[in-house]
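The values are calculated or read from the model by the stated rules, or taken from the named source; none is laboratory data. Everything quoted here is computed from the prediction, not taken from an experiment. No Cβ is skipped: glycine too gets one built from the backbone with ideal geometry, and neighbour counts run over all protein chains shown.
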(Lines give C-alpha, C1' and ligand atoms only; values in the text may rest on other atoms or scores of the structure.)
Protein backbone atom coordinates (compact mmCIF):
# COMPACT_ATOMS: atom_id res chain seq x y z
CA UNK A 1 0.00 0.00 0.00
CA UNK A 2 1.16 3.56 -0.61
CA UNK A 3 2.71 5.23 2.44
CA UNK A 4 0.26 7.63 4.12
CA UNK A 5 2.88 10.40 3.84
CA UNK A 6 2.39 10.27 0.07
CA UNK A 7 -1.18 11.56 0.28
CA UNK A 8 -3.10 14.66 1.28
CA UNK A 9 -6.81 15.44 0.92
CA UNK A 10 -7.87 18.04 -1.59
CA UNK A 11 -8.42 21.28 0.28
CA UNK A 12 -10.81 22.52 -2.39
CA UNK A 13 -12.76 19.42 -3.36
CA UNK A 14 -16.00 20.85 -4.66
CA UNK A 15 -18.55 18.05 -4.66
CA UNK A 16 -17.56 15.63 -1.88
CA UNK A 17 -20.53 16.08 0.46
CA UNK A 18 -24.28 16.14 -0.17
CA UNK A 19 -24.50 19.76 0.95
CA UNK A 20 -21.98 20.69 -1.77
CA UNK A 21 -24.77 20.35 -4.34
CA UNK A 22 -27.47 22.15 -2.36
CA UNK A 23 -29.45 24.18 -4.86
CA UNK A 24 -30.14 27.89 -4.57
CA UNK A 25 -32.14 28.11 -7.81
CA UNK A 26 -32.61 26.54 -11.23
CA UNK A 27 -33.91 27.91 -14.52
CA UNK A 28 -33.92 26.96 -18.16
CA UNK A 29 -31.56 29.15 -20.18
CA UNK A 30 -33.03 31.44 -22.80
CA UNK A 31 -31.85 30.73 -26.33
CA UNK A 32 -29.70 33.87 -26.25
CA UNK A 33 -28.08 32.76 -22.98
CA UNK A 34 -27.49 29.27 -24.32
CA UNK A 35 -25.86 30.57 -27.50
CA UNK A 36 -23.58 32.78 -25.40
CA UNK A 37 -22.60 29.78 -23.24
CA UNK A 38 -21.97 27.62 -26.29
CA UNK A 39 -19.79 30.35 -27.78
CA UNK A 40 -17.73 30.61 -24.59
CA UNK A 41 -17.20 26.85 -24.53
CA UNK A 42 -16.19 26.72 -28.19
CA UNK A 43 -13.68 29.52 -27.65
CA UNK A 44 -12.09 28.13 -24.50
CA UNK A 45 -11.92 24.44 -25.41
CA UNK A 46 -11.47 24.67 -29.17
CA UNK A 47 -14.73 22.83 -29.87
CA UNK A 48 -16.29 23.11 -33.32
CA UNK A 49 -19.91 24.13 -33.81
CA UNK A 50 -20.72 20.61 -35.05
CA UNK A 51 -19.23 19.10 -31.89
CA UNK A 52 -21.12 21.60 -29.74
CA UNK A 53 -24.34 20.73 -31.55
CA UNK A 54 -23.77 17.13 -30.47
CA UNK A 55 -22.75 18.04 -26.91
CA UNK A 56 -25.35 20.71 -26.21
CA UNK A 57 -28.12 20.91 -28.85
CA UNK A 58 -30.00 24.20 -28.76
CA UNK A 59 -33.29 22.40 -29.42
CA UNK A 60 -32.89 20.26 -26.28
CA UNK A 61 -32.30 23.17 -23.97
CA UNK A 62 -30.07 23.59 -20.92
CA UNK A 63 -31.00 24.16 -17.27
CA UNK A 64 -28.70 26.30 -15.10
CA UNK A 65 -28.58 25.12 -11.48
CA UNK A 66 -27.07 27.64 -9.09
CA UNK A 67 -25.63 25.96 -6.01
CA UNK A 68 -25.26 27.43 -2.55
CA UNK A 69 -21.50 27.55 -3.20
CA UNK A 70 -22.17 29.92 -6.16
CA UNK A 71 -21.00 27.26 -8.61
CA UNK A 72 -23.37 26.86 -11.55
CA UNK A 73 -24.07 23.41 -13.02
CA UNK A 74 -25.44 23.24 -16.56
CA UNK A 75 -27.77 20.29 -17.16
CA UNK A 76 -29.01 18.78 -20.40
CA UNK A 77 -32.70 19.63 -19.99
CA UNK A 78 -34.35 16.37 -21.19
CA UNK A 79 -32.06 13.97 -19.28
CA UNK A 80 -30.97 16.28 -16.44
CA UNK A 81 -27.38 15.10 -17.03
CA UNK A 82 -24.69 17.55 -15.83
CA UNK A 83 -22.71 18.77 -18.85
CA UNK A 84 -20.49 21.59 -17.57
CA UNK A 85 -19.95 23.50 -14.35
CA UNK A 86 -18.88 27.08 -13.73
CA UNK A 87 -16.59 27.01 -10.69
CA UNK A 88 -17.71 29.68 -8.25
CA UNK A 89 -19.93 31.29 -10.87
CA UNK A 90 -16.92 33.20 -12.24
CA UNK A 91 -17.11 31.97 -15.85
CA UNK A 92 -14.52 29.32 -14.94
CA UNK A 93 -15.98 26.50 -17.00
CA UNK A 94 -15.14 22.80 -16.75
CA UNK A 95 -16.64 19.77 -18.52
CA UNK A 96 -18.15 17.03 -16.38
CA UNK A 97 -17.17 13.38 -16.70
CA UNK A 98 -20.37 12.80 -18.67
CA UNK A 99 -18.98 15.08 -21.40
CA UNK A 100 -15.51 13.55 -21.21
CA UNK A 101 -16.84 10.01 -21.51
CA UNK A 102 -18.39 11.02 -24.83
CA UNK A 103 -15.36 13.04 -25.94
CA UNK A 104 -12.30 11.85 -23.97
CA UNK A 105 -10.03 14.25 -25.90
CA UNK A 106 -12.01 17.30 -24.72
CA UNK A 107 -9.29 17.98 -22.12
CA UNK A 108 -5.63 16.90 -22.24
CA UNK A 109 -4.89 14.14 -19.71
CA UNK A 110 -2.50 13.46 -16.91
CA UNK A 111 -1.80 9.73 -16.72
CA UNK A 112 -1.47 7.90 -13.43
CA UNK A 113 -1.58 4.32 -12.11
CA UNK A 114 -4.85 2.53 -11.39
CA UNK A 115 -3.61 2.00 -7.84
CA UNK A 116 -3.73 5.76 -7.27
CA UNK A 117 -7.40 5.97 -8.28
CA UNK A 118 -9.00 4.92 -4.96
CA UNK A 119 -7.24 7.83 -3.27
CA UNK A 120 -8.32 10.30 -5.94
CA UNK A 121 -11.89 8.99 -5.88
CA UNK A 122 -11.75 9.41 -2.11
CA UNK A 123 -11.01 13.13 -2.41
CA UNK A 124 -7.24 13.38 -2.89
CA UNK A 125 -5.36 15.55 -5.36
CA UNK A 126 -2.99 14.08 -7.93
CA UNK A 127 0.64 14.23 -6.84
CA UNK A 128 3.39 14.55 -9.46
CA UNK A 129 5.19 11.35 -8.31
CA UNK A 130 2.11 9.48 -9.53
CA UNK A 131 2.26 10.98 -13.02
CA UNK A 132 3.66 8.61 -15.66
CA UNK A 133 6.00 10.65 -17.87
CA UNK A 134 6.68 7.87 -20.37
CA UNK A 135 2.99 7.55 -21.19
CA UNK A 136 2.74 11.28 -21.85
CA UNK A 137 5.63 11.18 -24.29
CA UNK A 138 4.35 8.09 -26.10
CA UNK A 139 0.78 9.36 -26.43
CA UNK A 140 1.62 12.90 -27.50
CA UNK A 141 1.04 14.83 -24.26
CA UNK A 142 4.61 15.74 -23.19
CA UNK A 143 4.94 17.13 -19.70
CA UNK A 144 7.09 19.88 -21.17
CA UNK A 145 3.81 21.47 -22.31
CA UNK A 146 2.31 21.59 -18.80
CA UNK A 147 1.09 25.04 -17.71
CA UNK A 148 0.01 26.24 -14.26
CA UNK A 149 -3.74 26.95 -14.28
CA UNK A 150 -4.38 24.67 -17.25
CA UNK A 151 -7.47 22.46 -17.10
CA UNK A 152 -6.76 18.75 -17.43
CA UNK A 153 -8.42 15.44 -16.78
CA UNK A 154 -6.92 12.38 -15.07
CA UNK A 155 -6.71 9.01 -16.82
CA UNK A 156 -5.61 5.73 -15.28
CA UNK A 157 -3.09 3.91 -17.43
CA UNK A 158 -4.87 1.01 -19.10
CA UNK A 159 -8.29 2.71 -19.13
CA UNK A 160 -9.07 5.27 -21.87
CA UNK A 161 -11.80 7.10 -19.95
CA UNK A 162 -11.11 10.06 -17.62
CA UNK A 163 -11.87 9.73 -13.92
CA UNK A 164 -11.34 13.30 -12.68
CA UNK A 165 -11.10 16.93 -13.75
CA UNK A 166 -8.96 19.64 -12.24
CA UNK A 167 -6.44 22.47 -12.47
CA UNK A 168 -2.68 22.14 -12.99
CA UNK A 169 -0.63 23.52 -10.09
CA UNK A 170 2.89 23.62 -11.59
CA UNK A 171 4.47 24.82 -14.82
CA UNK A 172 6.77 22.58 -16.81
CA UNK A 173 9.57 25.04 -16.03
CA UNK A 174 9.10 24.43 -12.30
CA UNK A 175 9.03 20.68 -12.80
CA UNK A 176 12.26 20.81 -14.81
CA UNK A 177 13.95 22.24 -11.69
CA UNK A 178 12.23 20.27 -8.89
CA UNK A 179 11.38 17.06 -10.75
CA UNK A 180 8.08 15.24 -10.30
CA UNK A 181 7.51 16.31 -6.69
CA UNK A 182 4.56 17.90 -4.88
CA UNK A 183 0.99 18.39 -6.01
CA UNK A 184 0.35 18.32 -9.74
CA UNK A 185 -3.40 18.69 -10.14
CA UNK A 186 -6.05 20.17 -7.86
CA UNK A 187 -9.08 17.92 -8.34
CA UNK A 188 -12.45 19.66 -8.69
CA UNK A 189 -14.70 16.83 -9.94
CA UNK A 190 -14.17 13.08 -9.74
CA UNK A 191 -15.94 9.80 -10.43
CA UNK A 192 -18.37 9.02 -7.59
CA UNK A 193 -18.69 12.55 -6.21
CA UNK A 194 -21.96 14.41 -5.71
CA UNK A 195 -21.83 16.05 -9.15
CA UNK A 196 -21.47 12.61 -10.70
CA UNK A 197 -24.44 11.55 -8.57
CA UNK A 198 -26.62 14.18 -10.24
CA UNK A 199 -26.39 12.20 -13.51
CA UNK A 200 -27.97 8.91 -14.44
CA UNK A 201 -25.50 7.29 -16.81
CA UNK A 202 -23.79 3.95 -16.25
CA UNK A 203 -20.00 4.38 -15.86
CA UNK A 204 -17.58 3.10 -18.50
CA UNK A 205 -15.96 -0.32 -18.46
CA UNK A 206 -13.51 -0.76 -15.60
CA UNK A 207 -15.14 1.89 -13.40
CA UNK A 208 -16.26 0.34 -10.14
CA UNK A 209 -17.27 1.93 -6.82
CA UNK A 210 -14.15 3.51 -5.36
CA UNK A 211 -11.73 2.42 -8.07
CA UNK A 212 -10.85 2.31 -11.78
CA UNK A 213 -9.43 -0.85 -13.35
CA UNK A 214 -7.31 -1.27 -16.50
CA UNK A 215 -9.03 -2.72 -19.54
CA UNK A 216 -6.08 -2.56 -21.97
CA UNK A 217 -2.48 -3.76 -21.81
CA UNK A 218 0.06 -1.59 -19.95
CA UNK A 219 3.63 -1.35 -21.26
CA UNK A 220 6.16 -2.73 -18.74
CA UNK A 221 8.28 0.45 -18.59
CA UNK A 222 5.20 2.56 -17.89
CA UNK A 223 3.93 0.10 -15.28
CA UNK A 224 7.29 0.31 -13.50
CA UNK A 225 7.62 4.10 -13.67
CA UNK A 226 7.14 5.74 -10.29
CA UNK A 227 7.80 2.60 -8.29
CA UNK A 228 10.08 3.17 -5.32
CA UNK A 229 11.81 1.24 -2.59
CA UNK A 230 8.98 1.77 -0.10
CA UNK A 231 6.96 -0.99 -1.72
CA UNK A 232 4.13 1.25 -2.83
CA UNK A 233 4.18 -0.18 -6.35
CA UNK A 234 4.28 3.25 -7.94
CA UNK A 235 1.00 4.22 -6.39
CA UNK A 236 2.21 7.07 -4.13
CA UNK A 237 0.62 9.61 -6.40
CA UNK A 238 -2.29 11.23 -4.59
CA UNK A 239 -2.43 13.56 -1.63
CA UNK A 240 -4.41 12.79 1.53
CA UNK A 241 -5.53 14.74 4.57
CA UNK A 242 -3.05 15.89 7.15
CA UNK A 243 0.13 15.54 5.11
CA UNK A 244 2.24 17.95 3.10
CA UNK A 245 2.84 18.04 -0.60
CA UNK A 246 5.73 15.64 -0.45
CA UNK A 247 8.28 18.26 -1.50
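Table for the structure above
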quantity: Scope segment 176-196; condition out of contact with any strand residue (DSSP E or B) (no Cβ under 8 Å at 6 or more places or on another chain), more than 27 Å from residue 23 (Cα to Cα) and buried (at least 17 other Cβ atoms within 10 Å of the Cβ); matching residues; calculated: 180
quantity: Qualifying position, being more than 30 Å from residue 138 (Cβ to Cβ), at pLDDT 95 or above and crowded, with 20+ Cβ neighbours inside 10 Å, among 78, 95, 82; calculated: 82
quantity: Of all residues in segment 43-69 being part of a loop (DSSP other than H, G, I, E, B) and in contact (Cβ under 8 Å) with a residue 40 or more places away in the chain, the one that is surrounded by the fewest Cβ atoms within 10 Å (Cβ to Cβ); calculated: 68
quantity: Enumeration of residues in segment 164-175 that are outside any loop (DSSP other than H, G, I, E, B), out of contact with any helix residue (DSSP H, G or I) (no Cβ under 8 Å at 6 or more places or on another chain) and surrounded by 17 or more Cβ atoms within 10 Å (Cβ to Cβ); calculated: 166, 167, 168
quantity: Selected residue [buried (at least 20 other Cβ atoms within 10 Å of the Cβ) and closer than 29 Å to residue 146 by Cα] from 72, 21; calculated: 72
quantity: Residue 83, sole failed condition from (1) out of contact with any strand residue (DSSP E or B) (no Cβ under 6 Å at 6 or more places or on another chain); (2) without any contact (Cβ under 8 Å) to a residue 60 or more places away in the chain; (3) outside any helix (DSSP H, G or I); calculated: (1)
quantity: Out of 41, 34, sole residue that is more than 22 Å from residue 114 (Cα to Cα), within 18 Å of the chain's Cα centre (by Cα) and modelled with pLDDT of 95 or more; calculated: 41
quantity: In segment 131-145, the residues that are over 15 Å from the mean Cα position of the chain (by Cα), closer than 15 Å to residue 180 by Cβ and not in a helix (DSSP H, G or I); calculated: 132, 141, 142
